[in-house]
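The values are calculated or read from the model by the stated rules, or taken from the named source; none is laboratory data. From a predicted model like this one, the values you see are computed outputs, not experimental measurements. Backbone-built Cβ (ideal geometry, glycine too); neighbour counts: all protein chains shown. Just the protein is used for accessible areas: all its heavy atoms, side chains included, with ligands, DNA and RNA removed. Shrake-Rupley method; radii C 1.70, N 1.55, O 1.52, S 1.80 Å.
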Amino acid sequence: MRLSAFRVVCLCFFLSIFAPAALFGQTFSSVVIWSEPELPLADSPAPSAAQLTQAFPEARLASIEQLSAQLNDPQTRLLILAQGSVVPEAAWSAIFGYLQRGGNLLVLGGRPFTRTTYHDSTGWHLRDYSVRFSRLLLIDQYQATPGSAGAQFTPNPDFPLDLPQFSWQQAYSPIIRLSTSNLYNRGGSAGSLDVRLDPLVWGVTENRRLSAPLIELDHFSSGFDGGRWIFLSAELSTNFYASPESSALLRKLALRAMQGAEEFTVRPTVPLYLPGEPIELETIFNSSAKSATPLAVELSVYLEGKPDDKQTSTITLPANSATIVPAPKSKGLFIIEARLLDGSTTRQIYHSAFWIRDEAYLRSGPRLSVNADYFQLDDKPLAVIGTTYMSSEVQRLYFDHPNVYVWNRDMALIHAAGLNMIRTGWWTGWDKFCDETGRPYDRTLRTLEAYLMSARKNGLPVQFTFFAFLPEVLGGANAYLDSQAVRKQQTLVGSVVGHFHDVPFLAWDLINEPSFSKQLWRMRPNQDPIELAAWNAWLSQKYPDRAALAAAWNVPPDAVAGTISLPSELEFDPRGMYAGTNSLRVYDYAEFAQDKFAGWVRGMREVIHAADSTQPITVGQDEGGFMDRLSPAFFAPYVDFTTNHSWWQDDHLLWDSLVAKQPGRTMLIQETGLQRQLNLDETSRLTPDQEASLFERKIALSFVQGSGAIEWLWNTNSYMTEGNEVPIGALHADATEKPEATVLRNFAKFAAAASPYLKNPKQPDVAVVTSQAAQFSVLGGLQLEAQQNAVRALGYDLHQPCYVIAESQIDKLGSPKLVILPAAQALRESTWQALLAYVKNGGNLLVTGPVSRDEHWHVVDRLSPLGVKARTEPLTAHAMMLYFGTLALPSISFDQHKQQLLEYLRFADGSNAKELSLGNGKLFWISYPLELAETPVAAAGVYNTILDKLGFHVGFQPFSTLIYPIEFPGAVLYILESETDRDADFSFHDPISGRELSIHLPAQHAALALIDKHTKQIVAKYGF
């Protein structure tokens, strides 16, 4: 990372202020310590004034009245806050101003800046925990991590400070933003590299970093430019300050903090070289303080594992040109170790690395593939438990600042945790990867090759993502419809794939979470001329009769004469008709967008295949793709596996998996994690353990008709400005593992044991068909709710597995024993006829509520042809009664919102349910849209009655616990998930294997059991 001109000026300014001669001398006269008698404690013991004086001779102890003046003194180079979490409320402005001027900081104990104190006539008082001050310092929260008991005290080897060992009761990891500005004006942009966080000590248990009680923050261009902050962020032991070792530790930390911010890197200019090419190294060093002695860099370059056989050289700082290292004589991974020397003292160590190209090695390794249901590795089933990984050092800027050493180190940790796949790609900055024609730069290809070599070395198959949210137009005007933009996109994709078409462990993700226009995450038009022309051409092909189109849209014929405008924003409003604009065109726009995006995917697939690649292809869509955005139900024919990103629908995780599975395609929960939840006072709603339990449930349900999950993200991405992004990840910014990392590790063990059995799962006997006619209308939320409630009733109340078929995939329905059409209200005629054909051929169909409208909301008589006399009427009553067979539901209620939108069937004979024989099958029709009732047992009760009629005998147990069995040729998998507030004990007989199963399921947790049919043994399990 190079400092901008502004940053250089700032650092020079701070150099003039904070640069006394005896920088490293044992003097503390330039240190100010806030100290008051009788201050209350918060989160950690505090030292006495005598202990502070002993630890920091000549330091100035300042009261609240003195603090402002002391901080404004140009000789002050360090502020020490020694009272743990406590910060003086009355002096906040002075402290904040000092830090904004680049002041250095040392905080001893606690969660810095979260407990303010104030003084009145009765003494000092603490206010409750708050982040109102810490957020101004880029720290959003702190999360507690384990104490030192049983852990190995492990200093960071890159900072040879010779720190004395100390103990702590618990440590506190910050949820922190290290960026203050976006680098690009688009969603998902990487942030600037404004702050660097380095843990100085870890507590390590069983080779896992679980706590970091001591961290260092160097500020480059954050608004606190030039400052170094060191936090001893822990609840220290009660006798901490009484020990001589602690005094020595504190002095070392103070001296370290007074050095101010430093930036030191030595990296090769590219991360991969060809055999015989000399190695070019770039050295960057910037400091906000001047050293008393000349600084130099001692370089060592060696083949990994052979540090004794190294090339060495010395660089005098400042380095004004690149350093050239002779080409290595062999292939492999070469380590660069750079020691920053202050005289004879090593001040810091920086590691980087590079690969020497090895074509045979890159193109070896296991072959990643997919079948209709699961991933495979060398044709053997693979239950995926993976993570997204870019770089723990610079995150999304890993192509700008590649560091093979960091990749290799982090991937080794991922592999050691048992994870078996990583996802990566480009989320930002495509202009840096290719020229104006879309042709990738040589540096781009070398960087990807080095990344793949590192993954190959660590046994990790890779999914690589080309675009994110909206494809880069590369000088064009419309991401999907501008032929110039698409041609450049295809050049980029085709060139990259052509270079790596025979890497066996690689899959391609065309785009992450695509939207159709610049209005990201909403189905809205771009309103550009190219889209307008494509829209009109598409309409002309679908509706050659303009009069028929006018009738469909309920407008006069002259409204569709000439060029037809794109839908306006008002048309997407459910109340647009009250403003004189109906919303009937919205359905056609959704179909148009789906068709055009599917065409874009098809074109990309053709480009990839033309590059002689047979590697798996996908589109990494999120939950929006199963609501009103670009859906796999349309582009599935052109990908090899489908995905979902289970982020927001925490109450509908089963639905997340079921709707993502498309007929004949493997499904992967390709991203999952924890979206941030805050209270109104900006504190976290959930504890880390509560977050981990939700994460556990998300991973568990990825195996419902899916092949597993990839977590977003391994390393928390603090280099973003979006506050919702920075907490997400298995590891904190200080590289310590969150509780969710334990979830990943344990699921990895389950996946390894379960993988051999995951072959040819039996299709469930119940299918749920979804109405896209309703879903793509402005009332689409009702159809989504109906789908979600239908699968909840089946899975949680009846423990009956099911699968979901979207309306556009109705020809792939198959032959289930029962099909449920939940509260559709509207349906295409072709879909209705396909369902009737299914019934006539021996199927059983349950319809709830009317299906009396087509995709343009015109009334269609679908009852008279069946010999049923009924009227479709507005549903305006709050409560209804339902009697169906032996089922009596005396009160089914609908809330006011539903009463204003829904319709129901009034059968002529006064009944509210029909059972019709139709050909060889049965049609069950309930007059009410049960899945949208307030009463949750309504749908489950009817489903249970019909399943009983059909011989399922599932039993009705409405207590919000999922039991979902999946049968394989050699095993049966049970997935259990609790959404209740109570622990539960389950004992039941598995009729498939004959095994008795007893499981204790804690509240809001998950458990999985895989039973071998032949041995009746549990061969893989999780959660019990």
ask   = Before we move on, is Thr614 more than 14 Å from Gly706 (Cβ to Cβ) and of a type in the set (S, T, N, Q)?
value = yes
task = Collect the residues in the range 276-291 that are open to solvent by 10 Å² or more (accessible area, probe 1.4 Å) and farther than 25 Å from Ser221 by Cα, keeping them in residue-number order.
result = Gly276, Glu277, Pro278, Glu280
ask   = Could you say whether any residue in the range 383-404 is in a loop (DSSP other than H, G, I, E, B), at negative phi, open to solvent by 20 Å² or more (accessible area, probe 1.4 Å) and without any contact (Cβ under 8 Å) to a residue 40 or more places away in the chain?
value = yes
inquiry  = Given the condition open to solvent by 10 Å² or more (accessible area, probe 1.4 Å) and among the small types (Gly, Ala, Ser), answer yes or no: does some residue in the range 585-597 qualify?
reply    = no
ask   = Among the numbered criteria (1) in a loop (DSSP other than H, G, I, E, B); (2) surrounded by 23 or more Cβ atoms within 10 Å (Cβ to Cβ), which single criterion is violated by Gly418?
value = (2)
ask   = Among the residues of the range 677-699 satisfying the criterion of being aliphatic (A, V, I, L, M) and touching a helix residue (DSSP H, G or I) at 6+ places or on another chain (Cβ under 8 Å), which is surrounded by the fewest Cβ atoms within 10 Å (Cβ to Cβ)?
value = Leu686
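Considering only the range 290-332, state which residues are in a loop (DSSP other than H, G, I, E, B), among the polar types (S, T, N, Q) and without any contact (Cβ under 8 Å) to a residue 40 or more places away in the chain. First the steps, then the outcome.
Taking the range 290-332 first, the residues in a loop (DSSP other than H, G, I, E, B) are 290-294, 304-309, 317-322, 326-331.
Subset that is among the polar types (S, T, N, Q): 291, 293, 320-321, 330.
Within the range 290-332, Asn320, Ser321, Ser330 qualify.
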Where Leu510 falls short, out of the listed (1) open to solvent by less than 50 Å² (accessible area, probe 1.4 Å); (2) of a type in the set (A, V, I, L, M, F, W, C); (3) part of a loop (DSSP other than H, G, I, E, B) = (3)
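Inspect the range 971-984 for any residue being more than 34 Å from the chain's Cα centre (by Cα), surrounded by fewer than 21 Cβ atoms within 10 Å (Cβ to Cβ) and not hydrophobic (A, V, I, L, M, F, W, C) and give the result as yes or no.
Looking only at the range 971-984, we keep the residues that are more than 34 Å from the chain's Cα centre (by Cα), and these are none.
No, that holds for no residue.
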Residues of the range 151-170 classified as polar (S, T, N, Q) and in a strand (DSSP E or B), total = 4
task = State which residue is farthest from Val768 (Cα to Cα) when the search covers only the range 944-986 and only residues that are among the polar types (S, T, N, Q) and assigned to a helix (DSSP H, G or I).
result = Thr945
key: Single condition Asn844 does not satisfy, out of (1) within 25 Å of Val778 (Cβ to Cβ); (2) touching a residue at least 12 places away in the same chain (Cβ under 8 Å)   = (1)
key: Enumeration of residues in the range 346-390 that are among the β-branched types (Val, Ile, Thr) and within 20 Å of Asp410 (Cβ to Cβ)   = Ile349, Val384, Ile385, Thr387, Thr388
ask   = Tell me, which residue of the range 873-909 that is open to solvent by less than 50 Å² (accessible area, probe 1.4 Å) and hydroxyl-bearing (Ser, Thr, Tyr) is farthest from Leu584 (Cα to Cα)?
value = Ser893
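Checking the condition open to solvent by less than 10 Å² (accessible area, probe 1.4 Å), in contact with a Gly (Cβ under 9 Å, 6 or more places away or on another chain) and hydroxyl-bearing (Ser, Thr, Tyr), which residue from Ser189, Ser181 passes?
Numbers: Ser181 fails: open to solvent by less than 10 Å² (accessible area, probe 1.4 Å).
Going through Ser189, Ser181 in turn, just one is open to solvent by less than 10 Å² (accessible area, probe 1.4 Å), in contact with a Gly (Cβ under 9 Å, 6 or more places away or on another chain) and hydroxyl-bearing (Ser, Thr, Tyr): Ser189.
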note = Exactly one of Ser181, Ser173, Ser167, Ser189 is among the polar types (S, T, N, Q) and farther than 16 Å from Val726 by Cα, and that one is Ser167
inquiry  = What's the total number of residues in the range 282-321 that are under 39 Å from the mean Cα position of the chain (by Cα) and either within 19 Å of Trp355 (Cβ to Cβ) or among the basic types (Lys, Arg) (or both)?
reply    = 10
query = Just for the range 991-1011: of the residues that are at pLDDT 95 or above, open to solvent by less than 10 Å² (accessible area, probe 1.4 Å) and not β-branched (Val, Ile, Thr), which one is nearest to the chain's Cα centre (by Cα)?
reply = Ala1006
ask   = Quick one: Asn185 ticks every box in (1) over 23 Å from Gln677 (Cα atoms); (2) outside any strand (DSSP E or B); (3) modelled with pLDDT of 95 or more; (4) polar (S, T, N, Q) bar one, so which box is it?
value = (3)
Candidate set from the range 921-953 (those that are touching a residue at least 60 places away in the same chain (Cβ under 8 Å), under 20 Å from Leu905 (Cα atoms) and of a type in the set (D, E, K, R)); member that is least open to solvent (accessible area, probe 1.4 Å) = Glu931
query = Got a number for residues in the range 764-801 being within 27 Å of the chain's Cα centre (by Cα) and part of a loop (DSSP other than H, G, I, E, B)?
reply = 1
query = Looking at Gly849, Gly780, Gly814, which one is open to solvent by less than 10 Å² (accessible area, probe 1.4 Å), on the phi > 0 side of the Ramachandran plot and touching a residue at least 60 places away in the same chain (Cβ under 8 Å)?
reply = Gly849
request  = Name the one entry in Gly729, Gly664, Gly723 that is within 20 Å of Trp427 (Cα to Cα), assigned to a loop (DSSP other than H, G, I, E, B) and open to solvent by 10 Å² or more (accessible area, probe 1.4 Å).
outcome  = Gly723
inquiry  = Take residues that are under 13 Å from Leu39 (Cβ atoms) and tell me which of the strands (runs of 3 or more DSSP E) falling wholly in the range 75-131 contain 3 or more.
reply    = 86-88, 115-120, 123-126
remark   = The lone condition Ala412 fails out of (1) buried (at least 22 other Cβ atoms within 10 Å of the Cβ); (2) within 27 Å of Glu737 (Cβ to Cβ); (3) of a type in the set (A, V, I, L, M, F, W, C) is (1)
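For the range 132-141, which positions are open to solvent by less than 60 Å² (accessible area, probe 1.4 Å), among the hydrophobic types (A, V, I, L, M, F, W, C) and either in a strand (DSSP E or B) or in contact with a helix residue (DSSP H, G or I) (Cβ under 9 Å, 6 or more places away or on another chain) (or both)?
Residues of the range 132-141 that are open to solvent by less than 60 Å² (accessible area, probe 1.4 Å), as a first pass: 133-134, 137-141.
With the extra rule that they be among the hydrophobic types (A, V, I, L, M, F, W, C), the set shrinks to 133, 137-139.
Correct list: Phe133, Leu137, Ile139.
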request  = Please enumerate the residues belonging to the range 901-943 that are over 20 Å from Leu836 (Cα atoms), part of a loop (DSSP other than H, G, I, E, B) and among the small types (Gly, Ala, Ser).
outcome  = Ala908, Gly910, Ser911, Ala933
task = Restricting attention to the range 440-469, report how many residues are open to solvent by 10 Å² or more (accessible area, probe 1.4 Å) and within 20 Å of Trp600 (Cβ to Cβ).
result = 2
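Can you tell which of Ala552, Ala548, Ala559, Ala534 is closer than 28 Å to Lys898 by Cα, of a type in the set (Gly, Ala, Ser) and open to solvent by less than 70 Å² (accessible area, probe 1.4 Å)?
One residue alone meets the criteria, Ala552.
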